[in-house]
Amino acid sequence: MPTVETERVPQVAAAPASFPLQKLNIDIMLTIFTALLASPDSSPTSPVTLSQVCRSWRDLFLESPTLWTNILVSEELSTTNASLDRAYKRVEAYLARSGGCSLAIQLSFVTWGPQESTEQPEDSPYYHTLPAFFHRLNDIGRAIAKHAARIRTFSLTVDEMECTAAVLGGFGLAKMPLLEAWTVRNTDEEQVSDNPPNNPDALLAEQKEMEAHYALCHPESLIMNHDKVASLYSNLRFLSLHTTPLVWSEFCPRNLVTLEITMLPLVHRPSSADLCHILLANAHSLESLRLDGCVSPDSEWPESCLVPNVEFLQLGFYKSCELLPLLNAIQVPALRRFVLTDIHRQRKDPSERLLSQFDEDIILVLRAIGDKLPIHEIWHAQFEHIALCPSSHQIPLDEAENALKLARRFTVKFFSGWKKLTHLFLHGPDRATLEGLNSILPCSMEMHGTTEPRVPAPALTTLQVENCVASVLGSFLRIRVAHPQSFHALLGLVIKMPRNWFDAVKWDTRNLTVLAKEVFPIYTQLSPEVQTELLQL
């Protein structure tokens, strides 16, 4: 059996019988250790450390395979990689000592953190240890892949696409019938381009740099019967892939409850046909769907796509037109929570957002949302960095004012359809959005026996505004305070802004109590430059 290098912890040959813990029976001790090792505070070496406390604990650990089933590895590149070598030995020992029990795998690898002190990676003393680092990651991946049939949960976090390839390369076409959750996250989002390469050579270079992985895929999935394909990952319910392309045409999971695909370069996004096939294959079970920066914009969907049980939908885009084919095809009658994110604007500082090119298709996308999604049933909505009109920094002032009027008019009509919307979250909203929410519809509701004015999102009870330009937020709040007869007091108002934002717009925070029964002012931690921009723009 593989051994683990002895850690430097005091060892006791045998604990006195007077120790209180020694009086507990084995089942209780086993329950305590199991809960401890499953907690977030557990470290990769916790089983080893605990097993060296005394002889009775060591015997209990060596005789209990379930205490070795949580395999945690968190390593970063070093000049020697000695720590990673020890982690590899530890993984082998845990796999052997866990017997035939199901496994929970959590891996995290960092390569660029140690190299940030140098402008050129080649100048870093760590650079020349990268090949050995990747080789050892491949060893760890292959060791785990041999026990793929026992994996219950798998999580991999990296900051380099080569790390993903090294770890997953050993999995090949491994079957994982016990697998319940699979998460792979590449934190280096700079590797995802907003635009397609300008020439074929650049396209080939990008394809070579980021390889599509075969994990959860099978080359014969298209000719295998449904039951056989489903049996490969029959228990998989949660799948999250961030900057991690797969061979989408051979995607096998068939019983997903949650599916998250985020941040893919255009060349590695699933085709419309492949994405439609994936959704339809999981339509009977899918309840939560997140598609951020992964929808292919180049073709119409081959058919309508009914996903009857999806209650939560999150969509993100670099260019809003990417979403139009999807919105025209997908049907989500059970939808109750919705999130829309402009990723292109999200990744920019406030001043850059004002100067960036306005996305002229955003109104078409919002109109499609209003027409195709059951917005009259949605109670929770979140809009992140959505701009409804160009700013005066982008077009002449008179044109900007006219565009603002049109966008404000659209906002009123758009949010008037959200009849049951109670919770609205706005991250980085523009002036048109907030002014539209403050508008009063021209006709009253006398026909329903009341003279209360009609307002957009009439059922709204909780509003959160986050990191908005301070002057725009100040104007929005003043209008609502000045017209209490038009805008009923909210149950909750959350304002997440840089500290002292109220001083920048000469706002008396005591006025907030007029707007809601409970007010939660939260100060966000932003860089000094971003904070200054939000307060001065």
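How many residues does segment 477-503 contain that are touching a Leu at 6+ places or on another chain (Cβ under 9 Å), open to solvent by 50 Å² or more (accessible area, probe 1.4 Å) and more than 19 Å from Arg454 (Cα to Cα)?
Residues that pass the stated criteria total 2.
Got at least one residue in segment 344-362 being part of a helix (DSSP H, G or I), under 28 Å from Ala181 (Cβ atoms) and among the polar types (S, T, N, Q)?
yes
Can you report the number of residues in segment 246-281 which are assigned to a loop (DSSP other than H, G, I, E, B), surrounded by 20 or more Cβ atoms within 10 Å (Cβ to Cβ) and not aliphatic (A, V, I, L, M)?
Matching residues across segment 246-281 total 6.
Just for segment 46-92: of the residues that are β-branched (Val, Ile, Thr) and over 20 Å from Phe133 (Cβ atoms), which one is nearest to the chain's Cα centre (by Cα)?
The extreme case among them is Thr69.
Every residue in segment 214-261 that is more than 25 Å from Leu315 (Cβ to Cβ) and among the polar types (S, T, N, Q), please.
If the condition is that a residue be more than 25 Å from Leu315 (Cβ to Cβ) and among the polar types (S, T, N, Q), then Ser221, Asn225, Ser231, Ser234, Asn235 are the ones that fit.
Output the helices (runs of 4 or more DSSP H) that fall wholly within segment 47-164 and possess 1 or more residues being within 19 Å of Ala35 (Cα to Cα) and touching a helix residue (DSSP H, G or I) at 6+ places or on another chain (Cβ under 6 Å), or say none.
By residue number, 55-62, 82-97.
Would you confirm, using the coordinates I've provided, whether Glu75 is modelled with pLDDT of 80 or more, among the charged types (D, E, K, R) and open to solvent by 60 Å² or more (accessible area, probe 1.4 Å)?
For Glu75, the condition - modelled with pLDDT of 80 or more, among the charged types (D, E, K, R) and open to solvent by 60 Å² or more (accessible area, probe 1.4 Å) - is not met.
Quick check on Pro429: is it open to solvent by less than 50 Å² (accessible area, probe 1.4 Å), more than 21 Å from Thr262 (Cα to Cα) and either touching a residue at least 60 places away in the same chain (Cβ under 8 Å) or more than 21 Å from the chain's Cα centre (by Cα) (or both)?
So Pro429 fails the test.
Is there a residue in segment 420-440 that is modelled with pLDDT of 85 or more, farther than 26 Å from Arg353 by Cβ and in a loop (DSSP other than H, G, I, E, B)?
Yes.
Just one of (1) surrounded by fewer than 16 Cβ atoms within 10 Å (Cβ to Cβ); (2) at pLDDT 95 or above; (3) under 22 Å from Phe415 (Cα atoms) trips up Pro308, so point out which.
Exception for Pro308: condition (3).
Which members of segment 516-537 meet the condition of being open to solvent by less than 90 Å² (accessible area, probe 1.4 Å) and modelled with pLDDT under 75?
Those that are open to solvent by less than 90 Å² (accessible area, probe 1.4 Å) and modelled with pLDDT under 75: Leu526, Ser527, Val530, Gln531, Thr532, Glu533, Leu534, Leu535, Leu537.
Among the listed residues Val465, Val455, identify the single one that is in a strand (DSSP E or B) and closer than 21 Å to Lys413 by Cα.
Among Val465, Val455, only Val465 is in a strand (DSSP E or B) and closer than 21 Å to Lys413 by Cα.
The values are calculated or read from the model by the stated rules, or taken from the named source; none is laboratory data. Bear in mind the structure is a predicted one, so any value in this text is a computation, not a measurement. Backbone-built Cβ (ideal geometry, glycine too); neighbour counts: all protein chains shown. All accessible areas refer to the heavy atoms of the entire protein, side chains included, with ligands and DNA or RNA removed. Shrake-Rupley method; radii C 1.70, N 1.55, O 1.52, S 1.80 Å.
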